[in-house]
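A.B. asks: Would you mind keeping the following structure in view while I ask a few things?
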Amino acid sequence: MLTIYIILGILALIIIWGIASHNGFITLITRVKEAWSDIEVQMKRRYDLIPNLVNTVKGYATHESSAFEKVTEARSRAMQAGSVGEKAAAEGELSGTLKSLFAIAEAYPDLKANTNFLELQRELSDTENKIQAARRFYNGNVADLNVSVQKFPSNIIAGMFKFEVMEFFELEEDEQAAKQPVEVKF
């Protein structure tokens, strides 16, 4: 009889552990989704600021149309990117085109003094900082999830319920210009 109680106790512990592990994965996945949502909110804010910035610069530098087209195209690609990796690549490209836009602004003293331009520049810089913080938060949560998915014995539950490692949101390695936030010095 004691043997039966021991076996039932061990089975109960295994079942409790399985339930707790499963619930832990659900919590981790929810945190990753929440963190990704934070990134998307900040990127949408960035996307909304860009047309205003382009129009402000356009008013002063009308002959720089190719730069404006590049920014607009990069913004469009970033908005349409699907996977985390595609989004990271598109965001890196967008950051590079924004830097070129700010470089153009350097040649126009009236633009550099324009209150609207300065406010847009400040808001964009603030948004870049928020995206960077949201990305770190997301990557931290993805790391926690990935460790749990790969670590024994939780990998057993991960395999049973098809929990998989998730992709980090990292800028492209070959995009040197995209590794730093947009920064303009006047």
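A.B. asks: Which option, [x] 59, 17, 13; [y] 50, 14, 11; [z] 51, 19, 13, is the value of semi-axes √(5λ) of the Cα gyration tensor in Å that was calculated from these coordinates?
C.D. replies: Correct label, based on the coordinates given: [y].
A.B. asks: Evaluate the charge dipole of the chain about its Cα centre and quote only its size in Debye, nearest 20, assuming +1 on the Cβ of each Lys and Arg and -1 on the Cβ of each Asp and Glu.
C.D. replies: 480 debye
A.B. asks: Additional query: Mind checking which of A12, N129, V142 is farthest towards the positive end of region 1-160's charge dipole, using Cβ charges of +1 (Lys, Arg) and -1 (Asp, Glu) about the Cα centre?
C.D. replies: A12
A.B. asks: Follow-up. Given Cβ point charges of +1 (Lys, Arg) and -1 (Asp, Glu) and nothing else, what value in debye, to the nearest 20, does the dipole of region 1-83 about its Cα centre take? Show your work: numbers first, answer last.
C.D. replies: Values: 9 positive and 7 negative charges, 13 e Å.
It works out to roughly 60 debye.
A.B. asks: Turning to a different aspect of this structure: How far is it, in nm, from the label point at R77 to the one at F168 when both lie 7 Å from their Cα along the line to the Cβ?
C.D. replies: 2.3 nm
A.B. asks: Restricting to DSSP H runs of at least four residues, report the calculated mean residue ellipticity at 222 nm for the chain, -39500 (n - 2.57) per run over all residues, nearest 500 deg cm²/dmol. The partial results should precede the final answer.
C.D. replies: Values: 6 runs with 144 residues, N = 186.
Mean residue ellipticity at 222 nm (helix-derived): -27500 deg cm²/dmol.
A.B. asks: Moving to a separate point now. I want to check the label-to-label distance for I4 and I29. Put each point 7 Å from Cα in the C-beta direction and report it in nm to one decimal.
C.D. replies: So the two model labels end up 3.8 nm from each other.
Read the figures in this text as sums done on the coordinates, not as results from a lab. Nothing here was measured: the structure is a model prediction, and the numbers come from that model. FYI the Cβ positions are ideal-geometry reconstructions off the backbone, even for glycines, and counts take in every protein chain you see.
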